[in-house]
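K.L.:
Dumping the structure here so I can ask a few things about it.
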Amino acid sequence: MFQRIRDHLQSMRTLQRLCTGAEDHARTRGSRAPGAEHFLLAALDLPDGSARRAFERLGADPAAVPAAIEQQYRDALQGLGIEAPLPEAVPTTAARPNLYRAQPSGEELVQALAQSRKGQPGPLRGAHVVALVADMPQGVAARTLRAMQLDASQLAAAARAEAQA
């Protein structure tokens, strides 16, 4: 019982760190609201290290993820015929909204995370986020994994294994 309470408190701290980190990554990349790709970056930053180890289980370099995401933004702009630089960072001094807002992919991820963790033992870890991102069939995060030549189902399995380790 006491362990369950501790796990829940740790999960809440991790979720707060995850959401704040995702928002910071989004703002750094010119967006006011985080998408799944920003949550992936925030998961890689979590101190538990499980998200990084999930990538490493497949021989992938987690440090390559930010550049792969940036390339997806560039490719999307070029697909629209726009040869412009990526958006400027949103000032971090800008007021944060009272209600947490994310892009649809970010909202979907957070909802899936809540559903997947219901009744599960142990605290929330970065690998849980990686597993859910790997399960997403479309979006910037999914294209990023494909660009890194990662098999999404293998990454999801590696992340689930890492989450249980």
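The values are calculated or read from the model by the stated rules, or taken from the named source; none is laboratory data. These numbers come from a predicted model, not from an experiment. All Cβ positions, glycine included, derive from the backbone under ideal geometry; neighbour counts span all protein chains shown.
K.L.:
Could you tell me which of the residues ALA127, ALA114, ALA134 is farther than 16 Å from ALA51 by Cβ and hydrophobic (A, V, I, L, M, F, W, C)?
P.N.:
Result of the check over ALA127, ALA114, ALA134: ALA114.
K.L.:
Go through (1) at pLDDT 95 or above; (2) over 15 Å from ALA43 (Cα atoms) one by one and return the number of the condition GLY119 breaks.
P.N.:
(1)
K.L.:
Taking segment 146-165, which residues are without any contact (Cβ under 8 Å) to a residue 60 or more places away in the chain and either outside any loop (DSSP other than H, G, I, E, B) or surrounded by 17 or more Cβ atoms within 10 Å (Cβ to Cβ) (or both)?
P.N.:
Listed by number, the residues that qualify are ARG146, ALA152, SER153, ALA156, ALA157, ARG160, GLN164.
K.L.:
For VAL110, all conditions in the list (1) at pLDDT below 95; (2) of a type outside the set (S, T, N, Q); (3) more than 23 Å from TYR73 (Cβ to Cβ) hold save one; what is the number of the exception?
P.N.:
So the condition that VAL110 fails would be (3).
K.L.:
How many residues does segment 122-131 hold that are over 17 Å from GLY21 (Cα atoms) and modelled with pLDDT of 95 or more?
P.N.:
Total satisfying the criteria: 1.
K.L.:
Here's another thing I want to ask about it. For segment 73-82, does any single residue satisfy the condition of being among the basic types (Lys, Arg) and farther than 18 Å from ALA102 by Cβ?
P.N.:
Checked against the condition, which is being among the basic types (Lys, Arg) and farther than 18 Å from ALA102 by Cβ, segment 73-82 yields at least one hit.
K.L.:
To continue, here is another question. Can ARG101 be described as within 16 Å of the chain's Cα centre (by Cα), under 16 Å from ALA36 (Cα atoms) and modelled with pLDDT under 90?
P.N.:
Yes.
K.L.:
Pick from segment 118-137 the residues that are under 28 Å from PHE2 (Cα atoms) and in a loop (DSSP other than H, G, I, E, B): which of them is nearest to the chain's Cα centre (by Cα)?
P.N.:
ARG125
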